[in-house]
Amino acid sequence: MQALPLPKVLVVDDERAQMNALCDTLGDHGFQTLGFSAGGQALEALKAGGFDLLLADLMMPEMDGIALLQAALALDANLVCIIMTGNGTIATAVEAMQVGALDYILKPFKLSAVLPVLNRALAVRKLRLDNAKLQQRVQAHTEELEAANAELERAHRSKDHFMATMSHELRTPLNAVLGYADMLLLGLGGTLTAEQQKHLGVIKASGEHMLSLINDLLDLARIESGRMELNPEPVVCQALVDDVIASLQVLAAAKGLSLDGRMPATEVCLYTDRRALFQILVNLANNAIKYTDAGGVAIELSQGAGETGPLTRISVVDTGVGITREDQAKLFAAFAQVGKRDRRTESTGLGLYLSAELANLMGGRITLDSEPGRGSTFTVSLPGAA
Ligand SMILES: Nc1ncnc2c1ncn2[C@@H]1O[C@H](COP(=O)(O)OP(=O)(O)OP(=O)(O)O)[C@@H](O)[C@H]1O
Ligand SMILES: [Mg+2]
């Protein structure tokens, strides 16, 4: 076993005989000692470092114990200092403790009284050193973390920038393609054969699908970087639901599904972001149509009381394949796709994630009630109205 280094004690006392006696006795009791009779010399020795404990007389000519102690602590803040003092100067000893001495011992003293004080002080010294080491490690880790964070932040910013620029760059030509397809479909480029009409219809549908994908990716980038901004305005829910139904009617009809609104006659007006709510409802209704083969889809508007005030609920109800309990837990993650694989064509699994994030931003949430084989009901609840 390796022997621990002996604790190193610096003894300073202007009474040379007493200093020497103390050094010798401590040396016999497992301490490594060095003695000086003047503060100035002691300080020089302290500058070289390596001491654990300073044992200094209080009253000394030139530099007194308090001045020495202060200078010593300035050199090594973890040094432990003990002041030796006569009975008449206890008040000054207290002052010494206020400037950083750990303890004081009264002269004349017995070794049996001094040793426990020294050992206590050395235990404090060890604690201080351990603490300093810990602090250094924490500091080093913090610096590493900060550097890694800064790196991540940079990567994030360039990813955001890339996403924003790319989606813009992609949308511009795509809108031109869609515009020209529309123009040709309207017959502005001349009469079209049925075959040409059909092909143009495919170009248009694919282009629109691509546009919605690009928009989803842009929204994803905005939401993930916390830069999604909402623009609340008064929105009449009935009119909004009618718009959602109008935009998806063709899709539902193509699958032989009904798509209806079930709404109260009294106008429900919410102060919210119209585009976001529209997008959520289109995503939910689109899913409902996609995952339903027979029956239909209904969008129901209702009002109720929430924990903190009135709530407006819009539910998209389908008679489709339904979702198992296990899958329900995974649905709202980005790029999550569950259920049968053959139904997942043409989708990315972003719709529900984005919808739930948007609903959150709007102060609301999306809940799900579904049973395999019986259909699903996705409900957006938003605060307000009534
Ligand atoms: N009404 C529903 N009935 C049954 N399953 C659904 C329904 N809505 C969503 N799902 C399931 O949840 C998954 C995630 O839906 P989400 O809208 O996020 O993605 P997606 O429709 O596959 O793709 P995207 O919306 O990005 O085009 C879907 O793949 C589907 O398995
Ligand atoms: Mg979807």
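The values are calculated or read from the model by the stated rules, or taken from the named source; none is laboratory data. Quick caveat, the model's predicted, so the values are computed rather than measured. With ideal geometry, Cβ positions are generated from the backbone for all residues, glycine too; neighbour counts draw on all protein chains shown.
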From Leu240, Leu277, Leu284, residue being over 19 Å from Glu357 (Cα atoms) and in a helix (DSSP H, G or I):
Leu240
Specify which of the listed residues (Val241, Val317, Val235) is within 16 Å of ligand 1 (Cβ to nearest atom), surrounded by 14 or more Cβ atoms within 10 Å (Cβ to Cβ) and of a type outside the set (Asp, Glu).
Val317
Of the numbered conditions (1) more than 31 Å from the chain's Cα centre (by Cα); (2) surrounded by fewer than 20 Cβ atoms within 10 Å (Cβ to Cβ); (3) within 16 Å of ligand 2 (Cβ to nearest atom), Ala285 satisfies every one except a single condition; which is it?
(2)
Total residues in segment 124-136, condition surrounded by fewer than 11 Cβ atoms within 10 Å (Cβ to Cβ) and aliphatic (A, V, I, L, M)
1
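Based on this model, can you work out whether Gly320 counts as within 16 Å of ligand 2 (Cβ to nearest atom) and either modelled with pLDDT under 90 or part of a loop (DSSP other than H, G, I, E, B) (or both)? Walk me through it before giving the result.
Working: within 16 Å of ligand 2 (Cβ to nearest atom): yes; either modelled with pLDDT under 90 or part of a loop (DSSP other than H, G, I, E, B) (or both): yes.
Against the criterion (within 16 Å of ligand 2 (Cβ to nearest atom) and either modelled with pLDDT under 90 or part of a loop (DSSP other than H, G, I, E, B) (or both)), Gly320 qualifies.
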Over segment 76-92, the set of residues under 51 Å from the mean Cα position of the chain (by Cα) and either surrounded by 14 or more Cβ atoms within 10 Å (Cβ to Cβ) or farther than 22 Å from Glu44 by Cα (or both) is Asp76, Asn78, Leu79, Val80, Cys81, Ile82, Ile83
On the basis of being out of contact with any Ser or Thr (no Cβ under 7 Å at 6 or more places or on another chain), closer than 19 Å to Asn283 by Cβ and among the aliphatic types (A, V, I, L, M), does Leu217 make the cut?
no
Could you list all residues from segment 147-184 that are modelled with pLDDT of 90 or more and of a type in the set (Phe, Trp, Tyr)?
Tyr180
Test for Arg313: is it away from ligand 2 (no atom under 16 Å from the Cβ), in contact (Cβ under 8 Å) with a residue 24 or more places away in the chain, part of a helix (DSSP H, G or I) and under 32 Å from the mean Cα position of the chain (by Cα)
no
Just to be sure I understand the filter: pairs with C-beta atoms under 8 Å, separated by 6 or more residues or on different chains, first member in segment 337-362 and on the phi > 0 side of the Ramachandran plot and of a type in the set (Asp, Glu), second member modelled with pLDDT of 70 or more and within 9 Å of ligand 1 (Cβ to nearest atom). Which pairs pass?
Glu346/His209
With the requirement that a residue be buried (at least 21 other Cβ atoms within 10 Å of the Cβ) and at pLDDT below 95, what does segment 32-41 give you?
Gly39
Count - residues of segment 185-214 that are more than 54 Å from the chain's Cα centre (by Cα), outside any helix (DSSP H, G or I) and at pLDDT 90 or above
6
Can we say Tyr104 is surrounded by 11 or more Cβ atoms within 10 Å (Cβ to Cβ), aromatic (Phe, Trp, Tyr) and in a helix (DSSP H, G or I)?
no
